[in-house]
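Read the structure below first, then the notes.
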There are 2 protein chains.
Amino acid sequence: MEKKQSQSVGRKPRADAQQNREKIIEAAKEAFRKSGANASLDDIAKQAGVGAGTLYRHFPSREELLKAVYHTAVQKLADAGQKFSDTLSPLDALRAWMLLFVDYIAEKQIIASALSALAEDPKKTFEASYAQIWETIRSLVRRAIETGDIREDLDPIDLLRALIGVASISTSPDWQESAKRLVDILITGSQSDK
Amino acid sequence: MEKKQSQSVGRKPRADAQQNREKIIEAAKEAFRKSGANASLDDIAKQAGVGAGTLYRHFPSREELLKAVYHTAVQKLADAGQKFSDTLSPLDALRAWMLLFVDYIAEKQIIASALSALAEDPKKTFEASYAQIWETIRSLVRRAIETGDIREDLDPIDLLRALIGVASISTSPDWQESAKRLVDILITGSQSDK
DNA sequence: TCATTAAACGGAGGATATCTCCGTTTAATA
DNA sequence: TATTAAACGGAGATATCCTCCGTTTAATGA
C-alpha cells in the first residue's frame, strides 16, 4: 500500500474558515441589534461577505448562530477582565469592567430572550456563561480587596445584581446612561472607609 | 336627509367573528405547544378551519396572536379560581387551583419567552396578567384563612414562588409530576396547626 | 319573510425568507 | 508544482408570510 491517506488526522484547518466564522458572528451581532432576533440570515451572510451556504455550514440553525454571538460576547467580557487586571489598578480595572458589563447587558437582552424561545434547554445554554462571568468579577473584586481598595465585606454578586436590576427596569431609553452613573456610585460605595 | 347610516354605532357584532377568533386561539395554543413559537401561521389558520386572511384580520402579527393565547390562559386561570371558590371547600379550591396553575406554567414557558423576544415592551405585556393571577390566589388564600383551614401567616406569594421555582428548575421531563406532588406538600404545610 | 348592507370570510398569489445542492475555488501538504 | 480535501458561493427549490379583493353571510328593518 502506498501513502493512502497521508495522515487524515493531521491537516491544519484552513485559515479562511475561522476568519469567515468570525466575520459572520460580527455581522450577526450587528444585525440582531439593529433588526431584532429575526434578522434575515441571508442578509447576515451578505453583510459578512460570504455566501448563504457558508453561513449555514458554520451555523446550521438560527439558534446556533445566536449561541455563538452570545458566547463570543461572554468570552470577550472574561478576556477584558483579564486584560484590565493586567494593565490597570485594581479599582480602575473593576470600574472599567463594570462599564463594559453594562454594554454587554444591552447586547444580551435581545439575544437571551430569543435563545430562551428557541433553545432546546435554555438553562443549559446559559449555565456555563453565568459561571464565567461570576468567576471574572469575583477575581476582580478579590484583587481590589487584597490591595485594600475595596471593603472586605463586599459580595461581588451585589454589584452584578444592581447593574442587572437597572437594566431590567430599563423603562427609559437612556437606561445605559443611568447604569453608567450607577457604576460610579457603586465603586465609590464599595471603597474601604479610608 | 333620509336614513343615511341607519345607526352605524349600534349593529351587533357578527357571531361568527367571535367564534372564529376563539377557534384560532385554540388552534394556536396547540400549535405553539407542539411546534414552538415559530409554528406556521398559515397552518394554524388551516387547523382552525379558517382562511389565512381571517387569521391576519384578527391578529395582525404573531405577537398579537401570542398575546391573545397568553391572556386567554390567564383569564381561564382567574375564572377557574372563581368557580372553585363557588363550588369547593376553601382548601379543595386552593388545591385545585394550584394544580391548574402548574399546567398553566407549562403552557406559559414557551409563550412567555417568545413574547419577550417579540414584544415592544415585555414588561407592560405581562403586568396586567401578574396582577390578575396575584389577585386570584390572594382571594383563595384569604378565604381559606377565614375558615381557619390555613395558617394566618401564610403569604400567598410563597406558594406561587414555590411552584414557579420547581417549574424553572424543570431539569427532568417529569417536572409536572413533581410539581403536583409539591402542591400536596404545600397544602399540608399550610394548614393550621389544628 | 325578504331585500339590503356592512361586516366578515377565504384563499390565490406576490413578496420574502429559509436552506440545500453542487460545481468551483483555494489552502495545506508533499 | 501537483494533488486533494476542505471550504466556498449563490442559484433556486421550498416554505412562510401577508395582502388583496371577489364572495358569502349575519344583522336589520320594512
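Are any of the residues in region B:138-161 among the hydroxyl-bearing types (Ser, Thr, Tyr) and modelled with pLDDT of 90 or more?
Within region B:138-161, the first condition is being among the hydroxyl-bearing types (Ser, Thr, Tyr), and the residues that meet it are B:139, B:147.
Next, from what is left, pick out any that are modelled with pLDDT of 90 or more: B:139, B:147.
Scanning region B:138-161, I find at least one residue that is among the hydroxyl-bearing types (Ser, Thr, Tyr) and modelled with pLDDT of 90 or more, so the answer is yes.
Can we say B:Asp79 is of a type in the set (Asp, Glu), over 15 Å from the mean Cα position of the chain (by Cα) and away from DNA strand C (no atom under 16 Å from the Cβ)?
Details: of a type in the set (Asp, Glu): yes; over 15 Å from the mean Cα position of the chain (by Cα): no; away from DNA strand C (no atom under 16 Å from the Cβ): yes.
The answer is no for B:Asp79.
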### Query
Only one of (1) crowded, with 17+ Cβ neighbours inside 10 Å; (2) under 14 Å from the mean Cα position of the chain (by Cα) is not met by B:Gln132, so which one is it?
(1)
### Query
Looking at A:Ser178, A:Ser192, which one is open to solvent by 40 Å² or more (accessible area, probe 1.4 Å) and more than 17 Å from the chain's Cα centre (by Cα)?
A:Ser178
## Note on the structure
Counting only residues in region B:66-109 that are within 16 Å of B:Gly165 (Cα to Cα) and within 14 Å of chain A (Cβ to nearest Cβ), the one surrounded by the fewest Cβ atoms within 10 Å (Cβ to Cβ) is identified as B:Gln109
### Message
Condition check: in a helix (DSSP H, G or I), modelled with pLDDT under 95, within 16 Å of DNA strand D (Cβ to nearest atom) and among the aliphatic types (A, V, I, L, M). Does A:Ala117 satisfy that?
### Response
yes
#### Entry: region A:34-61, residues that are open to solvent by 40 Å² or more (accessible area, probe 1.4 Å), within 14 Å of another protein chain (Cβ to nearest Cβ) and within 21 Å of B:Glu120 (Cβ to Cβ)
A:Ser35, A:Asn38
### From B:Asp158, B:Asp153, residue being in a helix (DSSP H, G or I) and away from chain A (no Cβ under 12 Å)
B:Asp158
## Note on the structure
Within region B:161-175, residues away from every other protein chain (no Cβ under 14 Å) and open to solvent by less than 40 Å² (accessible area, probe 1.4 Å) come out as B:Ala162, B:Leu163
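The values are calculated or read from the model by the stated rules, or taken from the named source; none is laboratory data. Small disclaimer: the values here were computed from a predicted structure and weren't measured. Please note: Cβ atoms are built from the backbone with ideal geometry, for glycine as well, and neighbour counts cover all protein chains shown. Ligands, DNA and RNA are excluded from the accessible area calculation, which covers all protein heavy atoms including side chains. Shrake-Rupley method; radii C 1.70, N 1.55, O 1.52, S 1.80 Å.
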